[in-house]
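Notes to accompany the following structure.
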Amino acid sequence: MDFVVATDLEEALDALGRGALPLAGGTDLMVGVNAGQRPDNVVALRRVRELRQRNGQRIGAGVTWRVIEDEGPRALAQAARTVGSPQIRNAGTLGGNVGTASPAGDGLPFLAAVDAEIELTSREGVRTLRWDEFFTGVKETARRTDELITAVVLPAALPGRQEFAKIGVRNAMVIATVACVVTRADDGTTTVALGSVAPTPIRIPEAEELAKTLSDPGSAALDEFQHLVAAGVRPITDHRSTEEYRRHGAGVLARRLLTRCLREGAA
């Protein structure tokens, strides 16, 4: 194995140009290595200072979950606290979560909920793709092999109310069966984003339109919202859950999070 430890962005891009696989925290890559999927070329990124910086709404790809759980926006910080163990959170990065593009990536529903952009850097320059342009399938993205994920860029203004929750087979150190983020702006604009229920993170526009009209909903309105979310997901049955349970769980989670957002607005 050819292993390069990059100390700046230039070195990292040079290695990528030679076909190296980027390695940040290694919390996903090493699972594959342990399963026998050993890459030929690797470039380690932990010493690349530019990737660990956060400036305003730009979060460097090398920022760890440990930092995000203390400093990130509310729902992203909530998601960070559910990522693995403290050891994993100290090593794992937001950029790694984005690059792996697992349907169960804990940070991805937040990016979808706020319409975040992914910053990609190569020798040709920098480009940004909106989340729904970047994620193209199960563990598939629009990143070219010569490009490095350098940051996640959030909108200038984030919704004042935002909540994250996920369902798993246990309470800690678990891959999500369903993950959900609901946000609510002061004008009532609501977003509903989910993970683990489709090949990529998804939004539920029909539920968002209904939620925008609600300020103090009764059971019937919340039932309809829950139904729209459950109908809008595209889950599968696998070793973690059935399609039916994921669909039901998506509706229940979204309903709970919307209720929390509305309660915060009334406080």
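Read the figures in this text as sums done on the coordinates, not as results from a lab. As the structure is a prediction and not an experimental result, all values here were calculated from the model. Methodologically, a virtual Cβ is constructed for each residue, glycine included, from the backbone with ideal geometry; neighbour enumeration extends over all protein chains shown.
Computed 3J(HN,Hα) for segment 95-105, one whole-Hz value per residue from the Karplus formula 6.51 cos²θ - 1.76 cosθ + 1.60 where θ = phi - 60°, is x, x, 4, 5, x, 5, 6, 5, x, 9, x, glycine and proline marked x.
Taking a point 7 Å out from the Cα of residue 8 in the direction of its Cβ, the residues of segment 23-62 whose backbone N falls within less than 14 Å of it are 48-51. Each residue of segment 138-155 was assigned a 3J(HN,Hα) from its phi angle through the Karplus curve 6.51 cos²θ - 1.76 cosθ + 1.60 (θ = phi - 60°); the sequence is 5, 6, 10, 9, 8, 5, 7, 5, 8, 9, 10, 5, 9, 6, 10, 10, 8, x Hz, with glycine and proline shown as x. Close amide H partners of residue 202, meaning residues 5 or more places away or on another chain with modelled amide H under 5 Å apart, are 194.
Taking Lys and Arg as +1 and Asp and Glu as -1, the other residues whose beta-carbon sits under 10 Å from that of residue 234 total +1.
Remark: spin-label model distance residue 128-residue 263 equals 3.5 nm, labels positioned 7 Å along the Cα→Cβ axis.
Annotation: amide H-H contacts under 5 Å for residue 5 (H modelled 1.01 Å from N, sequence separation of 5 or more, or interchain): 44. Label reach from residue 136 (point 7 Å along Cα→C-beta): in segment 74-109, amide nitrogens under 17 Å belong to 98-103.
Protection proxy ranking for 14-24, 207-217, 121-131, using the average of other Cβ atoms within 10 Å per residue and placing the highest first: 14-24, 207-217, 121-131.
Summarising the amide proton neighbourhood of residue 136: residues at separation of 5 or more, or on other chains, whose placed amide H is nearer than 5 Å comprise 141, 142. Over the chain, dividing the summed -39,500 (n - 2.57) contributions of all DSSP H runs of at least 4 residues by the number of residues returns a 222 nm mean residue ellipticity of -10500 deg cm²/dmol. Distance between the pseudo-spin-label points of residue 216 and residue 157 (7 Å out from Cα toward the beta carbon): 2.6 nm. For the chain, a simple Cβ point-charge model (Lys and Arg +1, Asp and Glu -1, everything else neutral) yields a dipole of about 700 debye relative to the Cα centre. Relative to the Cα centre, the charge distribution of segment 81-128, modelled as +1 at Lys and Arg Cβ and -1 at Asp and Glu Cβ, gives a dipole magnitude of about 200 debye.
Compared with the direct C-alpha span, the chain from residue 239 to residue 33 gains 72.0 nm at full extension, assuming 0.36 nm per residue.
Here the calculated FRET efficiency for residue 186 and residue 115, from their Cβ-Cβ distance with R0 = 25 Å, stands at 0.90, rounded to the nearest 0.05. Beta-bridge orientation, the chain: approximately 85 percent antiparallel, per DSSP, counting only bridges with both partners inside.
Taking N as the residue count of segment 161-266, its C-alpha radius of gyration divided by 2.2 N^0.38 Å amounts to 1.02. Here the mean projected area of the convex hull built on the C-alpha positions of segment 152-202 is 4.6 nm². Converting phi to 3J(HN,Hα) with the Karplus coefficients 6.51, -1.76 and 1.60 and the offset θ = phi - 60°, segment 113-130 yields 5, 9, 6, 6, 10, 9, 8, 10, 10, 9, 5, 7, x, 10, 9, 10, 10, 5 Hz in sequence order, with x at every glycine or proline. Taking only the C-alpha atoms of segment 38-138, the Rg (one decimal) and the largest Cα-Cα distance, Dmax (whole number), read 13.5, 39 Å. Semi-axes of the equivalent ellipsoid of the chain are 33, 20, 16 Å, computed as sqrt(5λ) over the eigenvalues of the C-alpha gyration tensor in descending order.
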